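Working notes for the structure below.
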Amino acid sequence: MLDDLGEEKALDALITVLGSSFGGGLLDSLDDAVALNLRGITLVKVDGTSEKASRYPWMGLDDLAYRTSASAALDIIAKGGRPKYMLVSIGVPRERTVKDIQLIGVGLRDFAERYGLKVLGGDLNASDDPLGVWIDVTMLGEAKGLIGIRGARAGDEVYVTSCLGRSAIPAIIHYLSPRSKDIPVEIKEILRRPEIPLGFLKYVNEVKVATDVSDGLRSIRRFLRMNSLSLALTENPPICEDIIELIEELGVNTYDVLRFLGEEYTILYVCREGASCGDGLLLGSLVDRDVGKVFLNEREVPGGWDNFKGFLTT
């Protein structure tokens, strides 16, 4: 147990797992702080979660660390930046073992290696939190220009960087479907280790406004309110093909998928006039009425995730 092992040996175990992903500053990696020589625009984002709040039973602590890293990175990308460095604060109950710390390190390392980041360091804590393990990731990124969230206009078309729907399946099965209590393995794997849309950075100069879709429709409604607009979805929103097949088996529909969307790891954006603007999927068009609302075939779609209220489905 960690209360027998001690903090220094626990930290050594974490650093060993991180391997070559650890370090990258101007000072010694174990110094009191991190020093970087940054040029241009630096973007900073912190994101965090707890084991109880965000880890499904079929996920490991490595997956939790990976997803938390992806969430922070997504915000950096949505603002036009490339994620470069991570700082991590971790809380682990004393009765847990060094294996748990190593698993967290595996998730951080795997994300860093996949996307070319460095884990600069952070803080390791003993946690008495009833939520169990908690992980906070501070992400730093570099950008040549910035993409804001304001500036969209009525008539603009809205795109997303990837198809939607996989984040909704655990909630749909839990709340709506009596026919199935098991999530398909393929969807579990995608949810465990989501892909972040680095390809978006190839055409950021053509993007007028953008935001990440981290809380489902709640994220989209925030974007709409900040632009004093509403969103009329296309007749056939870009739901992933595997999800379309699955919801037929579950006896639910597109409307249900949309209202139970959660962390989609996708970016919603509007292109500058006349720009080709990448290979995004058309989500809908912006309308100058009913500010902050989302409509599918003239029917308002509630939904989205609130950390205090849960799903806003009514």
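Please treat every number below as a calculation from the coordinates, not as lab data. Because the structure is predicted, anything quoted here is derived from the model rather than measured. Cβ sites come from the backbone with ideal geometry, for glycine too, and all protein chains shown count toward neighbours.
Computed from the C-beta positions of GLU235 and LYS99 and an R0 of 51 Å, the FRET efficiency is 0.55 to the nearest 0.05.
Rounded to two decimals, what ratio of Rg to Rh does the stretch 2-143 give with C-alpha atoms and a Kirkwood Rh? So for the stretch 2-143, dividing Rg by the Kirkwood Rh gives 0.96.
Selection among LEU229, TYR265, THR254 by position relative to the dipole of the stretch 189-281 gives LEU229 as farthest towards the positive end (Cβ unit charges, Cα centre). Assuming R0 = 41 Å, can you tell me the calculated FRET efficiency for the pair LEU198 and GLU298, based on Cβ-Cβ distance, to the nearest 0.05? Using R0 = 41 Å, I get an efficiency of 0.65.
For the stretch 130-227, run through the trypsin sites (Lys or Arg not before Pro) and keep only the ones in DSSP coil with at most 12 other Cβ atoms within 10 Å of their Cβ. Here the trypsin sites (Lys or Arg not before Pro) that fit, given the DSSP loop and packing criteria, are LYS144, ARG150, ARG179, LYS181.
Given LYS118/LYS188; LYS45/LYS79; LYS99/LYS188; LYS52/LYS99; LYS45/LYS144, which pairs have Cα atoms separated by over 21 Å? Exceeds cut-off: LYS118/LYS188; LYS99/LYS188. Here each label is just a point 7 Å from Cα along the line to Cβ, and for LYS144 and GLU189 those points are 3.6 nm apart. On a 0 to 90 degree scale, rounded to 10, what angle separates helix 241-250 from the longest Cα axis of the chain? Tilt of helix 241-250: around 80 degrees.
Rounded to the nearest 20, the Cβ-based charge dipole of the chain about its Cα centre (Lys and Arg +1, Asp and Glu -1) stands at 880 debye. Distance between the pseudo-spin-label points of ASP128 and THR16 (7 Å out from Cα toward the beta carbon): 3.0 nm. Would you compute the Debye intensity of the chain from its alpha-carbon atoms alone, equal scatterers and no solvent, and pass along log10 I(q)/I(0) at q = 0.11 Å⁻¹ to two decimals? Log10 of I(q)/I(0), two decimals: -0.72.
How big is the Rg/Rh ratio for the stretch 99-168, C-alpha atoms only, Rh by Kirkwood, two decimals? Mind dumping the intermediate values first?
Details: Rg = 18.3 Å, Rh = 16.8 Å.
The Rg/Rh ratio comes out at 1.09.
Compared with the dominant Cα axis of the chain, that is its longest principal axis, helix 61-78 is turned about 50°.
As a proxy for reagent exposure, LEU11, LEU117 were ordered by neighbouring Cβ count within 10 angstrom, fewest first; the result is LEU11, LEU117.
In square nanometres, what is the average projected area of the Cα convex hull of the stretch 131-281? Working shown, then result.
Working: hull surface 43.0 nm².
For the stretch 131-281, averaging the hull's shadow over all directions gives 10.8 nm².
Once the C-beta distance of ASP279 and GLU8 is scaled by a Förster radius of 35 Å, the resulting FRET efficiency is 0.10 to the nearest 0.05. Which of ILE149, ILE267, ILE244 moves most in a GNM of the chain, Cα contacts under 10 Å? Residue with maximal mean-square fluctuation among ILE149, ILE267, ILE244: ILE244. Extent of the stretch 213-314 along its three principal axes (Cα atoms, max minus min coordinate, largest first): 41, 31, 26 Å. Each residue of the stretch 283-300 is assigned a 3J(HN,Hα), and the resulting list reads 9, x, 10, 8, 10, 8, 6, 6, 3, x, 9, 10, 10, 10, 6, 6, 9, 5 Hz, derived from the Karplus form 6.51 cos²θ - 1.76 cosθ + 1.60 (θ = phi - 60°), x at Gly and Pro. Annotation: extensible slack from TYR255 through TYR175 equals 27.4 nm (criterion: 0.36 nm per residue apart, minus Cα-Cα distance). All alpha carbon pair distances within the stretch 180-269 were sorted into 10 Å bins beginning at 0; the resulting P(r) in whole percents reads 12, 42, 35, 10, 1. With neighbour counts taken as other beta-carbon atoms within 10 Å, the residues GLU273, GLU189 rank, fewest first, as GLU273, GLU189.
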